[in-house]
2 protein chains.
Amino acid sequence: MAAIRPSLSEIQDAIRAAGARVTPARVRVLAGLRSAAAPQSHAEIEEALAHDGQPAIDRVTLYRVLDWLCSTGLAHKAADARGVFRFSAAQPNVEHAAHVHFRCTGCGGVFCLESPPPPVPELPRGFRLAGMALDIRGECPRCVREHR
Amino acid sequence: MAAIRPSLSEIQDAIRAAGARVTPARVRVLAGLRSAAAPQSHAEIEEALAHDGQPAIDRVTLYRVLDWLCSTGLAHKAADARGVFRFSAAQPNVEHAAHVHFRCTGCGGVFCLESPPPPVPELPRGFRLAGMALDIRGECPRCVREHR
DNA sequence: CCCGCTAATGCAACACGGTTGCATCGGCAA
DNA sequence: TTGCCGATGCAACCGTGTTGCATTAGCGGG
């Protein structure tokens, strides 16, 4: 499962670059996400962190770290088929302002596509635009193979 | 919002055809789903059933009816972006593949826009397309007025 | 090297969606 | 009309996610 061992300093730099304090919780969670082969649920991450020899991280802290990672774009959050949120580390080197997401309905994974985003459609009177996301749903190659 | 008024006998026939007893709960829930403009959550369906003058339906019964409808193929169940299940009647007539949604960040409401959907971007090898949704976030006129 | 500000954490309690066990009710067929 | 058994209601439970608040610790400045 532990595919990659992400560099510690890379992770610390990423957190610092996001303008926040480098804390053990953030480092361990981001490292875990980056080395995970598939999107992880809160429970799975908690379980993994409980067995790495280091002190336990509180449930709530884990939720807050995950939400913070998503708010900075370092991670993605998506509900899987069971309705549980799964988190995955954002792929580096991808410009995040404007592109298209593919969401796997099987594992909850998020994949960034190359295609440029479509133009903004016309809104009825009174509506205020905040943002736009083209979400494509389907199954990723891995889930297609396992036909879940 | 209540677009269509589905025929009562059509609904009873559909339930009977699925090989189950025709009960008020099943009839009312299926009728509600068929006349709904968008997929409904458990809470929304319960709310709607509480205001139609007929006796209330138990939370658990509603869950069981919804699950039964899905198991027979009369309805579909899918987790929305917040991770809660939404149910929709299976209607072969309605082309649901493609249109644009506006999601209000204030009240959580979903509005269907008229604009035609953008073309499907090219997918990498191995990905299987299930559907596409252009999600526009912002505030609806009512929430803009109350500036929450 | 220490100090202090404030972001980040831990803890407790809560909110909500969804499920299970079991006693009772009522569709429907004989 | 009767009776079986599927469907319902009720209560209690579980897991996921959130909120409020007191305490801790990262890190910039003296």
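The values are calculated or read from the model by the stated rules, or taken from the named source; none is laboratory data. Because the structure is predicted, anything quoted here is derived from the model rather than measured. Neighbour counts run over all protein chains shown; Cβ positions are idealised from the backbone, glycine included.
The table for this structure:
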quantity	calculated
Unmet criterion (only one of (1) at pLDDT below 90; (2) within 14 Å of DNA strand C (Cβ to nearest atom); (3) within 23 Å of B:GLU10 (Cα to Cα)) for B:ALA78	(3)
Pairs where the first residue, in segment B:40-52, is in a helix (DSSP H, G or I) and the second is among the basic types (Lys, Arg), C-beta under 7 Å, 6+ apart	B:GLU46/B:ARG59; B:LEU49/B:ARG28
Qualifying residue in segment B:48-60 (condition: of a type outside the set (S, T, N, Q) and closer than 23 Å to B:PHE102 by Cβ)	yes
Residues (among the hydrophobic types (A, V, I, L, M, F, W, C) and surrounded by 18 or more Cβ atoms within 10 Å (Cβ to Cβ)) located in segment B:26-47	B:VAL29, B:LEU30, B:ALA31, B:LEU33, B:ALA36, B:ILE45
Answer from A:HIS76, A:HIS51 - the residue that is more than 13 Å from DNA strand D (Cβ to nearest atom) and under 17 Å from A:GLY109 (Cβ atoms)	A:HIS76
Of the criteria (1) near DNA strand C (Cβ under 10 Å from one of its atoms); (2) more than 26 Å from B:ALA78 (Cβ to Cβ); (3) not basic (Lys, Arg), which one A:ASP13 fails	(1)
